[in-house]
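Since the structure comes first, as structure tokens, the remarks are kept for the end.
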Amino acid sequence: LAAAIAHAGTWVAWFLAPLLVYLLKRGESRYAEFHALQALLWSVAGTIVSLATCGVAIPVFLGFHVYAAYKVLRGEEYEYPLVGDFARGLMSARG
């Protein structure tokens, strides 16, 4: 549930939802921590791309967040394009 909140929560709190889940679940649940980190990184990427496109990319990035929430609620794995591998690397480096 925490992983889904990290993804879907971006609709109401773009950075805050995944950041809170990440901070609260860090060290407690690697699954929730990984998904929150991915959602946070995807939000950062979305912000950068949206600034470059004058906001046109926002719906696309939100769509990915919703799809990710749907997948984790079904118990399936999900990795965002580009940032998924980066998040996995950060998790591995941390131990």
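The values are calculated or read from the model by the stated rules, or taken from the named source; none is laboratory data. Please read all numbers here as calculations on a predicted model, not as lab measurements. Note: ideal-geometry Cβ built from the backbone for every residue, glycine included; neighbour counts use all protein chains shown. Side chains included, ligands, DNA and RNA excluded: accessible areas come from the protein's heavy atoms. Shrake-Rupley method; radii C 1.70, N 1.55, O 1.52, S 1.80 Å.
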### Task
Given the conditions (1) modelled with pLDDT of 95 or more; (2) farther than 18 Å from Tyr22 by Cβ, report the number of the one that Glu79 does not fulfil.
(2)
### Message
Let me confirm something: among Val44, Val56, Val66, which residue is open to solvent by 30 Å² or more (accessible area, probe 1.4 Å) and either touching a Ser or Thr at 6+ places or on another chain (Cβ under 6 Å) or not in a helix (DSSP H, G or I) (or both)?
### Response
Val56
### Query
Taking into account only those residues within the stretch 2-31 that are assigned to a loop (DSSP other than H, G, I, E, B) and in contact (Cβ under 8 Å) with a residue 24 or more places away in the chain, which is surrounded by the most Cβ atoms within 10 Å (Cβ to Cβ)?
Trp14
### Task
Return yes when Lys71 is surrounded by 15 or more Cβ atoms within 10 Å (Cβ to Cβ), free of Cβ contacts under 8 Å to residues at least 12 places away in the same chain and among the basic types (Lys, Arg) and no when it is not.
yes
### Message
Pull out all pairs, ordered by first then second residue, where Cβ-Cβ is under 8 Å, the residues are six or more apart or on different chains, the first lies in the stretch 32-45 and is charged (D, E, K, R), and the second is surrounded by fewer than 23 Cβ atoms within 10 Å (Cβ to Cβ) and outside any helix (DSSP H, G or I).
### Response
Glu33/Arg26; Glu33/Gly27
